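Inspection log for the structure reproduced underneath, given as structure tokens.
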2 protein chains.
Amino acid sequence: MDAAVECLAELGWNGTTVGVIAERAGVSRGAAQHHFPTREQLVVAAVEFLTEEQIAELREQAAALPEGPSRAGPVARMLLNLYTGPKFRAALHLWVAASTDDALRAILAPLEAQVGREAHRMAVELLGVDESRQGVREIVQATLDLARGLGLANLLTDDTKRREQIARQWATLLEPMVAEGSGSAAAR
Amino acid sequence: MDAAVECLAELGWNGTTVGVIAERAGVSRGAAQHHFPTREQLVVAAVEFLTEEQIAELREQAAALPEGPSRAGPVARMLLNLYTGPKFRAALHLWVAASTDDALRAILAPLEAQVGREAHRMAVELLGVDESRQGVREIVQATLDLARGLGLANLLTDDTKRREQIARQWATLLEPMVAEGSGSAAAR
């Protein structure tokens, strides 16, 4: 799984074959093909697996944070850094390849929707916001779309400094929602 | 220029050659190569030209809008729809190709920075906000990063409905800044 994502991130969709991934993973091509007959199946499984892993990691990091509005800062940073690593690069190569490849798009579109829903659920949980309040759902969605946009801005150049300034401002914007969310949770 | 962007958006970087573009534009390959010896030069010129054109169009549309906080809604929609068409698709193919191609990256990175600055300047102007106020600059940047993230979300599936809901919420968030901006402009 790691080898598949590394290959995609470094070599792109055209450079990524089951053979190349198998070699990097130190397994035989036959063994890799036994589990994943096509590169589509292999890379989709890899993106799915590593996304779940990343979401689980974030949940673990966030578990150590206190409840209430002081979460807004660290959680905003976590979320806005979510798409700046090789996993996002790998997924981006897949998405862009799928935009001109109908077979790949048919596999990826449902996976994208599923991964999107899971990321959303995790963001709501990490922030501790109450989605039944007007506008909260859209701001959580905007947070993840912003994170993807920041991932894109980080593709060709290191955009860390600018991203940190945006995350600071984003935190002040999220803070009242986080306070309300945890307030209403405490009242329940 | 249009043919180059169409080819990129439909065929991706690998399918886009000076010959293919020339054929679509109805000119000879020799004529195209006289102006643009390499496909790198041709597509970069195309992305640059069409971005300027798009920014000019937005300025013209925005010129008809009234001053003050009522601008926030229509301008938020304009900006968040900015990266949902074939020009963004074309640019995305280039960025992703450049992430595994050092020669292309060396050409694109400065262009990306320049286009980013121009989009920022246009967003400030369209919104009529005052960037000297604390946090305004970051929220304008976040608006454009969000727009790019929404462009990405629109790549494989039509995301218009969700994007409109986010734009509505985004407008309420921008409104106080737009009001302050035009207020201070009037006071000067």
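Which one of the conditions (1) within 23 Å of B:Asn81 (Cα to Cα); (2) crowded, with 21+ Cβ neighbours inside 10 Å does A:Leu173 fail to meet, given that it meets all the rest?
(2)
So, of the residues in the stretch B:137-165 that are open to solvent by 10 Å² or more (accessible area, probe 1.4 Å) and more than 9 Å from chain A (Cβ to nearest Cβ), which turns out to be farthest from the chain's Cα centre (by Cα)?
Taking the candidates together, the pick is B:Lys161.
Among the residues of the stretch B:99-112, what is the count of those that are at the interface with another protein chain (Cβ under 7 Å from one of its Cβ atoms) and under 18 Å from the mean Cα position of the chain (by Cα)?
Of the residues in that region, 3 qualify.
Among (1) more than 11 Å from chain A (Cβ to nearest Cβ); (2) part of a helix (DSSP H, G or I); (3) in contact (Cβ under 8 Å) with a residue 24 or more places away in the chain, where does B:Val129 come up short?
Only one criterion is unmet by B:Val129, namely (2).
Residue-by-condition table, conditions (1) of a type outside the set (A, V, I, L, M); (2) open to solvent by 60 Å² or more (accessible area, probe 1.4 Å); (3) outside any helix (DSSP H, G or I):
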{"position": "B:Glu60", "(1), (2), (3)": "yes, yes, no"}
{"position": "B:Ala76", "(1), (2), (3)": "no, no, no"}
{"position": "B:Leu79", "(1), (2), (3)": "no, no, no"}
{"position": "B:Thr84", "(1), (2), (3)": "yes, no, yes"}
{"position": "B:Phe88", "(1), (2), (3)": "yes, no, no"}
{"position": "B:Arg105", "(1), (2), (3)": "yes, yes, no"}
{"position": "B:Pro110", "(1), (2), (3)": "yes, yes, no"}
{"position": "B:Gly116", "(1), (2), (3)": "yes, no, no"}
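Looking at A:Gly30, is it of a type in the set (Gly, Ala, Ser) and either away from every other protein chain (no Cβ under 14 Å) or loosely packed, with under 14 Cβ neighbours inside 10 Å (or both)?
yes
So which residues in the stretch A:19-46 are more than 22 Å from B:Gly12 (Cα to Cα) and in contact with a helix residue (DSSP H, G or I) (Cβ under 6 Å, 6 or more places away or on another chain), if there are any at all?
Scanning the stretch A:19-46 gives A:Gly19, A:Val20, A:Ile21, A:Ala22, A:Arg24, A:Ala25, A:Arg29, A:Ala32, A:Gln33, A:Phe36, A:Leu42, A:Ala46.
On the given criteria, is A:His120 part of a helix (DSSP H, G or I) and within 23 Å of B:Thr143 (Cα to Cα)?
When the stated conditions are applied, A:His120 passes them.
Residue check: is B:Glu40 more than 14 Å from chain A (Cβ to nearest Cβ), surrounded by fewer than 16 Cβ atoms within 10 Å (Cβ to Cβ) and of a type outside the set (Val, Ile, Thr)?
Details: more than 14 Å from chain A (Cβ to nearest Cβ): yes; surrounded by fewer than 16 Cβ atoms within 10 Å (Cβ to Cβ): no; of a type outside the set (Val, Ile, Thr): yes.
Taking the combined requirement at face value, the residue does not satisfy it.
The values are calculated or read from the model by the stated rules, or taken from the named source; none is laboratory data. Please read these numbers as outputs of a predicted model, since none were measured by experiment. Note that we place each Cβ from the backbone using ideal geometry, even for glycine, and neighbour counts take in every protein chain shown. The area values use the complete protein model at the heavy-atom level, side chains included, leaving out ligands, DNA and RNA. Shrake-Rupley method; radii C 1.70, N 1.55, O 1.52, S 1.80 Å.
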